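I have a structure here, written as structure tokens, and I will follow up with some questions on it.
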Amino acid sequence: MKSIRKIDAIPKLNGSWKFLDDYSYEEMIHGQLLYSTCHHGFIKKIAFPDGYNLSEFTMVSAKDIPGENIVPEPECDQPFMAEKEVFHFGQVIMGIAHPDRKLLREFISNTKIEYEELSAIIDIKECLENQKNAFGRELTIDHRTGKKPDPNWIHHHKIYYTPHQEQAYLEPQGMIAVWQPEDKIMFVRATCQCPFFVKEGVETIMSDTIKEAVIETSEGIGGAFGGKEDFPSLLAGITSLLSYKSGKPVKIVLEREDDIQITTKRHPARIEINSWTDPETKKIMKIDIDYRLDAGAYQTLSPVVLARGVLHAISGYCIPDAFIRGRLFRSNTPSNGAFRGFGAPQAFAAMEAHIDDIAANLKVNPYEFRKINIFKSGDEFPTTQPILEDHLSDCLECVIEKSNYLNKLKEFKEWNKTHKDKKGIGISIGYHGGGYTGNGEKVLNSEVKVVIKKDATVMIFVANTDMGQGAHTTLAQMFFEAIDHPREKCLVQLPNTSKTPNSGPTVASRTIYIIGNLLRKFAFKIKDELGFENLEDYVASNQNEFPREFRMNFVQDPSVVFDDENYVGVAYKDYSWAACVTEIYYHADTYQIELTKNWSVMDIGKVVNQKIATGQAEGGVLQGLAYGLCEFFYKPGYGRMHGFTDYALPTTMDIPEINIEFIHTDTPIAKGLGEIPMDFPAPSVRNAFHNATGVFIDEIPLIPERILGSIKNLELGI
Amino acid sequence: MKVSFKLNNKNVTINTDPMRRLLDILREDFNLLGTKESCGEGECGACTVLLDGKPVTSCLVNAVHIDGKEVMTPEGIAQEPLGKLLIDCFDETNAVQCGFCFPGFLVTSYHYLKTDGEKNLNKIKKALSGNICRCTGYQKIFESVMLACERN
């Protein structure tokens, strides 16, 4: 629980820590992407503007690709660059480079592409309502009993919608490729989450024209939140090709407008729920969930998002008869991808809304109804995975008490009787399985490396990046605390694929949970192997043994057995659990919701660094609240957003007081923290709005326009 | 056009296109990389610097606007006693996450400490409202600035 300071805070503050755009190389030129402005069509002609000397430019398109024109992904269906046909707005057609960044920008914005336009689906509802748009593998979790619902049970049917969400990392996507012809190495400097994914991307596009791609991250990775999981592979491929063709180092840093328009977002979802509740016992007896995601034009990593979505779809309730069906839908928009939560925030937004809908109908308060239905040890997930602990229920009890929920319910009810503005309070719960789904961690077989030098410095080599979550501070802390080694003598090295073993991507809340716990075990193992009490003393008296390298692989717990075909078994070894209460103040004249307070209680197991964990949780909770309150990326009749001017990110003036508490921390295992804070808060805003006004809105975010529409409909009796 | 200005307490003169962005001048001509470009349209505050003592987004300031004026960047502020105090407070609370927005927050917080400095959450929120942070949820940023106000 020691809150040691971060290794990188001071250099980040005084500006000396280098982010991608802060690196330069001799003779470096600048690149940009020329992308489709047509949603679907054939490319007829590309007309470059007059008055430029074309010989100064380096240009690459699909026909220049020596290797394969397919970005390596869980589903390999997206090309690096379009060939004849474009399938979405923002599809890359060419990479273009020039020594002058500003001139290049002008050149690209004056380049005109002519298309033969074809029919396209760009509207989210048009995509998700039409079952003909479904593509890829359908996932089902079948935990049905085969019995018909009892006629006394109350049937509820609702459809919930969630929007795109933009990661809005402050540092835009960027890449530098440096072709080294003498040893046939393509060196790539990347701001990314997954250096080994980038390596595979570059080696796929370059094929045997290069011997190897070596990826090293920039010192600073200015935020990612999932947005730098797969797009960097595409960007690195094109940057490398430009460097290969020009023979010069090439840097591409996306302009914000390009970044926001063409990169991956959180998948919009349509989640339809049918449930049957016993009015006597107030227990949900049967549920049917139809979970649909708008994947965009290609599947890419959407099948994995879908998997996590269906595995979290039922939220935290024990429902004896359950059927969950998950499908991807195709549209002519850029592929949606990873964003903190990875399918789970959509699932909780729907199910936690549905729970309040049923509770209101049965006239039970939302807390009592959750308490009756929440799963406990001895129950099981719809996949049959047994529930082994009551920690979710403990989170709920703790947050109800901390927020004084029950008293506030009464207090607000009284206050609202005499005021036009309204006060409201809402609950939501959630959880997140740590690490890759099912057999994923077994397949990844992550490896870590440690080198102990003659001065007893421990150098830790892992492929996991520090994109702001403090991973490199916390990972080192897990190692040196285990063997009581001085902090300044234990450092995580900058990830570089030629020096760092593949310890997997920085995704899936797995960095501390999988790699950190592995490093802790590794420290104990080295201690046992060498038989020391104090590492510094040991190294001092056994100098001839050092420097020495040690390696260790992650071994999955044998209890994790998952049937990927039928979605039966243990999907995740450990879950992080959470519950929150959000208070709002509704301004009736402006239809605006003001968030006033949020209490979030989480079980993330052992808390390695209290301040780092709290900070990360606070940031995640705000992203979650904003998902419910104000963030959306597409508006019918307007289209996609263009930057931070029309995409509404919360500022210091929009935020509530956020209170984080971690419970059940007295355990050796640190569980996943990255995603859980984002998973659960959004529906608490919607539920608090219902508490304040008696109006349910089934589509987030709860922007004033939507509230105005719903209230008007209500007044008109629609 | 010839532009002379005071940069981090030193007099400098450059020859440049009058419409060139201050952000580019700082990064390209002076290698002052602490000033970051994030949105490029004055919304996010990552490129905030002080112009004659007032916080401005340097992506919206052109060369022509800085002639004869005084510019302070995060690098310059980091050398000032109040800048050092703020850095220590941001470090102590582990407020810094990805860090891309923090040089901008340093500049704006420094301006608040210089011009007001009252340990008052509402005032601090208002003072920092031009800077966007996506990682922290702002709580630890407020905590740090409150701490700096207390220690100043």
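Among (1) away from chain B (no Cβ under 14 Å); (2) in contact with a Leu (Cβ under 7 Å, 6 or more places away or on another chain), where does A:Met186 come up short?
Evaluating A:Met186 over (1) away from chain B (no Cβ under 14 Å); (2) in contact with a Leu (Cβ under 7 Å, 6 or more places away or on another chain) leaves (2) as the failure.
Within the range A:166-180, track down each residue that is at positive phi and part of a strand (DSSP E or B). Let's see the steps before the verdict.
Within the range A:166-180, the first condition is being at positive phi, and the residues that meet it are A:168.
Correct list: empty.
Any residue in the range A:107-117 that is among the hydrophobic types (A, V, I, L, M, F, W, C), more than 30 Å from A:Pro279 (Cα to Cα), out of contact with any Lys or Arg (no Cβ under 8 Å at 6 or more places or on another chain) and not assigned by TED's automatic domain parsing to the domain that holds A:Leu629?
Start the filter on the range A:107-117 by keeping residues that are among the hydrophobic types (A, V, I, L, M, F, W, C), which leaves A:107-108, A:113.
Filter again for more than 30 Å from A:Pro279 (Cα to Cα), leaving A:107-108, A:113.
Applying the additional criterion that residues be out of contact with any Lys or Arg (no Cβ under 8 Å at 6 or more places or on another chain) yields A:107-108.
Next cut, not assigned by TED's automatic domain parsing to the domain that holds A:Leu629 only: A:107-108.
Yes, the range A:107-117 has at least one match.
For A:Asp379, indicate whether it is closer than 26 Å to A:Lys283 by Cβ, of a type outside the set (Phe, Trp, Tyr) and either in the same structural domain as A:Ala359 (by TED's automatic domain parsing) or at pLDDT below 95 (or both). Spell out how you get there, then give the answer.
Values: closer than 26 Å to A:Lys283 by Cβ: yes; of a type outside the set (Phe, Trp, Tyr): yes; either in the same structural domain as A:Ala359 (by TED's automatic domain parsing) or at pLDDT below 95 (or both): yes.
Yes.
From the list A:Val92, A:Val71, A:Val60, which residue is modelled with pLDDT of 95 or more, over 25 Å from A:Tyr634 (Cα atoms) and within 30 Å of the chain's Cα centre (by Cα)? Give the derivation first.
Values: A:Val92 fails: over 25 Å from A:Tyr634 (Cα atoms); A:Val60 fails: within 30 Å of the chain's Cα centre (by Cα).
Exactly one residue qualifies, and that residue is A:Val71.
Mind telling me which of the residues A:Asp679, A:Asp698 ends up being away from every other protein chain (no Cβ under 11 Å), buried (at least 21 other Cβ atoms within 10 Å of the Cβ) and either of a type in the set (Asp, Glu) or within 22 Å of the chain's Cα centre (by Cα) (or both)? I'd like the intermediate steps shown before the answer.
Values: A:Asp698 fails: buried (at least 21 other Cβ atoms within 10 Å of the Cβ).
After ruling out the rest, the residue left standing is A:Asp679.
To continue, here is another question. When you scan the range A:567-575, do you find a residue that is in the same structural domain as A:Thr667 (by TED's automatic domain parsing), closer than 19 Å to A:Val310 by Cβ, hydroxyl-bearing (Ser, Thr, Tyr) and not in a loop (DSSP other than H, G, I, E, B), even just one?
yes
Can you tell me which residue is surrounded by the most Cβ atoms within 10 Å (Cβ to Cβ) among those in the range B:57-82 that are touching a strand residue (DSSP E or B) at 6+ places or on another chain (Cβ under 9 Å) and of a type in the set (Gly, Ala, Ser)?
Of the range B:57-82, the ones touching a strand residue (DSSP E or B) at 6+ places or on another chain (Cβ under 9 Å) are B:57-74, B:76-77, B:80.
When the remaining residues are screened for being of a type in the set (Gly, Ala, Ser), the result is B:58, B:63, B:68, B:76.
Working: B:Ser58: 30, B:Ala63: 21, B:Gly68: 9, B:Gly76: 22.
Residue satisfying both the conditions and the ranking: B:Ser58.
So which residues in the range B:43-84 are in contact (Cβ under 8 Å) with a residue 60 or more places away in the chain and of a type in the set (S, T, N, Q)? Steps first, answer last, please.
Our first condition is that a residue be in contact (Cβ under 8 Å) with a residue 60 or more places away in the chain; within the range B:43-84, this holds for B:43-46, B:48, B:50, B:53, B:55, B:57, B:63-64, B:66-73, B:75-76, B:79, B:82.
Within the range B:43-84, B:Thr48, B:Thr57, B:Thr73, B:Gln79 qualify.
Okay, next question. With the structure loaded, tell me whether A:Thr145 is in a loop (DSSP other than H, G, I, E, B), in contact (Cβ under 8 Å) with a residue 40 or more places away in the chain and outside the structural domain of A:Asn361 (by TED's automatic domain parsing) or whether it fails that test.
Details: in a loop (DSSP other than H, G, I, E, B): yes; in contact (Cβ under 8 Å) with a residue 40 or more places away in the chain: yes; outside the structural domain of A:Asn361 (by TED's automatic domain parsing): yes.
Criteria met by A:Thr145.
Take A:Phe680 and decide whether it is under 16 Å from A:Phe348 (Cβ atoms) and at pLDDT 95 or above.
Details: under 16 Å from A:Phe348 (Cβ atoms): yes; at pLDDT 95 or above: yes.
Yes; evaluated as a whole, the condition is true for this residue.
Ok, one more. Residues in the range B:107-130: is at least one free of Cβ contacts under 8 Å to residues at least 12 places away in the same chain, farther than 21 Å from A:Thr614 by Cβ and within 8 Å of chain A (Cβ to nearest Cβ)?
Checked the range B:107-130: at least one residue is free of Cβ contacts under 8 Å to residues at least 12 places away in the same chain, farther than 21 Å from A:Thr614 by Cβ and within 8 Å of chain A (Cβ to nearest Cβ).
With the condition kept exactly as written, say whether any residue in the range B:86-97 is in contact with a Pro (Cβ under 6 Å, 6 or more places away or on another chain) and either at pLDDT 95 or above or outside the structural domain of B:Thr48 (by TED's automatic domain parsing) (or both). Break it down stepwise before answering.
Just the residues of the range B:86-97 that are in contact with a Pro (Cβ under 6 Å, 6 or more places away or on another chain), to begin with: none.
No, every residue in the range B:86-97 fails to be in contact with a Pro (Cβ under 6 Å, 6 or more places away or on another chain) and either at pLDDT 95 or above or outside the structural domain of B:Thr48 (by TED's automatic domain parsing) (or both).
Please list, ordered by residue number, the strands (runs of 3 or more DSSP E) wholly in the range A:222-320 having 2 or more residues that are buried (at least 22 other Cβ atoms within 10 Å of the Cβ), at pLDDT 95 or above and not assigned by TED's automatic domain parsing to the domain that holds A:Pro99. Quick ask: steps written out before the conclusion?
On the way: elements: A:250-253, A:269-278, A:283-296.
Passing ranges, in order: A:269-278, A:283-296.
Exactly one of (1) polar (S, T, N, Q); (2) away from chain B (no Cβ under 14 Å); (3) surrounded by 18 or more Cβ atoms within 10 Å (Cβ to Cβ) is unmet by A:Asn14. Its number?
All conditions are met except number (2).
Any idea which residue in the range A:613-658 is nearest to the chain's Cα centre (by Cα), counting only those that are facing chain B (nearest Cβ under 8 Å) and part of a loop (DSSP other than H, G, I, E, B)?
A:Leu649
Run down A:Ile358, A:Ile374, A:Ile324 and say which single residue is modelled with pLDDT of 95 or more, β-branched (Val, Ile, Thr) and within 30 Å of A:Asp77 (Cβ to Cβ). Outline the logic, then answer.
Values: A:Ile358 fails: within 30 Å of A:Asp77 (Cβ to Cβ); A:Ile374 fails: within 30 Å of A:Asp77 (Cβ to Cβ).
After applying the criteria, what remains is A:Ile324.
Tally the residues that are within 14 Å of chain B (Cβ to nearest Cβ) and either touching a Pro at 6+ places or on another chain (Cβ under 7 Å) or among the aromatic types (Phe, Trp, Tyr) (or both), restricting the search to the range A:230-254.
2
Scanning for something in contact with a Lys or Arg (Cβ under 6 Å, 6 or more places away or on another chain) and of a type in the set (Val, Ile, Thr), does the range B:65-86 turn up at least one residue?
Scanning the range B:65-86, I find no residue that is in contact with a Lys or Arg (Cβ under 6 Å, 6 or more places away or on another chain) and of a type in the set (Val, Ile, Thr), so the answer is no.
For the range A:205-219, name all the residues that are surrounded by fewer than 24 Cβ atoms within 10 Å (Cβ to Cβ), touching a residue at least 60 places away in the same chain (Cβ under 8 Å) and not in a helix (DSSP H, G or I).
Those that are surrounded by fewer than 24 Cβ atoms within 10 Å (Cβ to Cβ), touching a residue at least 60 places away in the same chain (Cβ under 8 Å) and not in a helix (DSSP H, G or I): A:Glu212, A:Val214, A:Glu216, A:Ser218, A:Glu219.
Restricting attention to the range A:578-606, report how many residues are within 14 Å of chain B (Cβ to nearest Cβ) and surrounded by fewer than 24 Cβ atoms within 10 Å (Cβ to Cβ).
3
Restricting to the range B:56-112, count the residues that are of a type in the set (Phe, Trp, Tyr) and more than 14 Å from A:Ile10 (Cα to Cα). Before you say what the answer is, go through the steps one by one.
To start, the set of residues in the range B:56-112 that are of a type in the set (Phe, Trp, Tyr) comprises B:90, B:100, B:102, B:105, B:110, B:112.
Cutting the leftovers down to more than 14 Å from A:Ile10 (Cα to Cα) gives us B:110, B:112.
Residues flagged as of a type in the set (Phe, Trp, Tyr) and more than 14 Å from A:Ile10 (Cα to Cα) within the range B:56-112 amount to 2.
The values are calculated or read from the model by the stated rules, or taken from the named source; none is laboratory data. In this text the structure is predicted, and so the values were computed from the model without any measurement. Positions of Cβ are generated from backbone atoms using ideal geometry, with glycine treated the same way; all protein chains shown enter the neighbour counts.
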